[in-house]
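Here the structure is laid out as structure tokens; the discussion comes afterwards.
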């Protein structure tokens, strides 16, 4: 089954019937990001110095916010289009994302040593990873072509580069509006990060 994406432009002199686009598949990209985010969370949960905790909280928040933004733009629409009961499952994941963004915003705005907030984010993160890798990814892997997954992977990477670095749970969460609003909000976030010296990458 093809994903709901426009076709790639033709390459002159190349028979694209058997050709794969360049890049990594979306599922591999998102799985690797899950591992990196889990590692960031583990470092935050184990930290004791408040300065380290504050820095790790900012990096985790920015990394996870970018990740969720890209999933809402490309993973969940693919789930809605390709999987049985996909629209309902995608809607449920978006609702879970909004709750996680609220938790991230409260965590970063509160004291660095807020163990309750850290635990809440960890619980939501584990649920997110479990549902994606245990339920959604296998279905997409069985349904979508390698070419579609690579095309989606390329778009995920582009979306993350332009995504917000701060939680904005009230912004649109579904296409087409999130693809318009998220990059604009991302520009504002990046300017704020520069002026405040906020760390957003490990």
State whether one or more residues within the stretch 105-115 are under 19 Å from residue 70 (Cα atoms) and out of contact with any strand residue (DSSP E or B) (no Cβ under 9 Å at 6 or more places or on another chain). yes
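Yes or no, residue by residue, for (1) surrounded by fewer than 21 Cβ atoms within 10 Å (Cβ to Cβ); (2) over 14 Å from the mean Cα position of the chain (by Cα); (3) part of a helix (DSSP H, G or I); (4) without any contact (Cβ under 8 Å) to a residue 40 or more places away in the chain:
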| site | (1), (2), (3), (4) |
| --- | --- |
| 42 | yes, yes, yes, yes |
| 57 | no, yes, yes, no |
| 69 | no, no, yes, no |
| 73 | no, no, yes, no |
| 81 | yes, yes, yes, no |
Exactly one of these conditions fails for residue 112: (1) touching a helix residue (DSSP H, G or I) at 6+ places or on another chain (Cβ under 6 Å); (2) at pLDDT 95 or above. Give me its number. (2)
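The values are calculated or read from the model by the stated rules, or taken from the named source; none is laboratory data. None of the values given here were measured: they were computed from a predicted structure. Here the Cβ is made from the backbone with ideal geometry for all residues, glycine too, and neighbour counts use every protein chain on show.
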